[in-house]
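The values are calculated or read from the model by the stated rules, or taken from the named source; none is laboratory data. Note that the structure is predicted; figures quoted are calculated from it, not measured. Here the Cβ positions follow ideal geometry from the backbone for every residue, glycine too, while neighbour counts run over all protein chains shown.
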């Protein structure tokens, strides 16, 4: 387990504390650009905007609705470090996110050839607020650095050149969407758009099952005269890190588990104290935070008994 912690719901003055944006990622879009994405803070206080920093230099100011940006004008084959800060309704800035580093690829001289258009774009709806897209790998005379996802004519997401799948969240229930994908190489040549795929989200407001943690397991153990509940699961495939999980015990939220430097991509574990009484029966379930900062679908609920 890389790390975890409890998130305090209130600051010392009794109100919600502005915390750092979580799930920050930086993906080279070309030799001279980087695509930065993040989730909104876990805290419930109002966020009015974000500031993106390259090292100590502020490079972008964005509205509260934006959770991604392309930082351009960079040098090829160079290492960069990015952080994001949220701004509260009183104008103050929250703490900086964890630092993420990225290295832009080498520039390709005299490369005027764009990648082939991505083929076979398919999609399926995950409830009322999310869809999953997949496509076949595009070809390039050097290599594909990234894929840009468009909603209509607006770029809304980007994934690395080795990925051919993306989860899009934060959509509106019962709404028709048209998506397409373009491939980009290191010289910033962009392919023609794929054939579009049209999807209509479900009318319900809940996230779909594709956003739920997989293979969720819960067991109890006894140590030092007390009982603990051990949880294990596979993170949902969101196209990025899942930086936080809410743990619900007997129908109530018990804690928020947050990872620091790097969230586990393939298998996650968490353990917590439950008491000293044998024969106590408990129900537990979890859900993860999605790329747009909302919470995904719940895992199946598991029932455990201490000492059983």
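Keeping to segment 31-43, report how many residues are modelled with pLDDT of 85 or more and either assigned by TED's automatic domain parsing to the domain that holds residue 188 or not in a loop (DSSP other than H, G, I, E, B) (or both).
Initial filter on segment 31-43 (modelled with pLDDT of 85 or more): 31-38.
Next cut, either assigned by TED's automatic domain parsing to the domain that holds residue 188 or not in a loop (DSSP other than H, G, I, E, B) (or both) only: 33-38.
Count: 6.
So is residue 140 out of contact with any helix residue (DSSP H, G or I) (no Cβ under 9 Å at 6 or more places or on another chain), under 30 Å from residue 276 (Cβ atoms), at pLDDT 85 or above and surrounded by 14 or more Cβ atoms within 10 Å (Cβ to Cβ) or not?
Answer is no for this residue.
How many of the residues in segment 215-245 are farther than 30 Å from residue 148 by Cα and in contact with a strand residue (DSSP E or B) (Cβ under 7 Å, 6 or more places away or on another chain)? Before the answer, list the steps.
Going through segment 215-245, the residues farther than 30 Å from residue 148 by Cα turn out to be 215-232.
Add one more test, that the residue is in contact with a strand residue (DSSP E or B) (Cβ under 7 Å, 6 or more places away or on another chain), and what stays is 215-221, 226-232.
Of the residues in that region, 14 qualify.
May I ask you to say which residue of 94, 128, 170 is on the phi > 0 side of the Ramachandran plot, surrounded by 13 or more Cβ atoms within 10 Å (Cβ to Cβ) and in contact (Cβ under 8 Å) with a residue 60 or more places away in the chain? Steps first, please.
On the way: 94 fails: on the phi > 0 side of the Ramachandran plot; 128 fails: on the phi > 0 side of the Ramachandran plot.
The match here is 170.
Checking the conditions here, which among 100, 108, 159 is closer than 30 Å to residue 199 by Cα and touching a residue at least 24 places away in the same chain (Cβ under 8 Å)?
Working: 100 fails: closer than 30 Å to residue 199 by Cα; 108 fails: closer than 30 Å to residue 199 by Cα.
Only one candidate qualifies: 159.
Considering only residues that are in a strand (DSSP E or B) and crowded, with 18+ Cβ neighbours inside 10 Å, which ones fall in segment 221-246?
Residues of segment 221-246 that are in a strand (DSSP E or B), as a first pass: 221-223, 226-234, 244-246.
Within segment 221-246, 227, 229, 231, 233, 244, 245, 246 meet the criteria.
Test each condition in (1) within 30 Å of residue 73 (Cα to Cα); (2) in a loop (DSSP other than H, G, I, E, B); (3) touching a residue at least 40 places away in the same chain (Cβ under 8 Å) for residue 184 and report the one that comes out false.
Among (1) within 30 Å of residue 73 (Cα to Cα); (2) in a loop (DSSP other than H, G, I, E, B); (3) touching a residue at least 40 places away in the same chain (Cβ under 8 Å), residue 184 violates only (2).
Does residue 268 fit the bill of being under 30 Å from residue 20 (Cβ atoms), surrounded by 13 or more Cβ atoms within 10 Å (Cβ to Cβ) and in contact (Cβ under 8 Å) with a residue 24 or more places away in the chain? Quick ask: steps written out before the conclusion?
Working: under 30 Å from residue 20 (Cβ atoms): yes; surrounded by 13 or more Cβ atoms within 10 Å (Cβ to Cβ): yes; in contact (Cβ under 8 Å) with a residue 24 or more places away in the chain: yes.
Yes; evaluated as a whole, the condition is true for this residue.
Among the residues of segment 54-75, which ones are in contact (Cβ under 8 Å) with a residue 40 or more places away in the chain and surrounded by 12 or more Cβ atoms within 10 Å (Cβ to Cβ)?
The first filter runs over segment 54-75 and keeps only residues in contact (Cβ under 8 Å) with a residue 40 or more places away in the chain, leaving 67-68, 70, 72-75.
Passing the criteria: 67, 68, 70, 72, 74.
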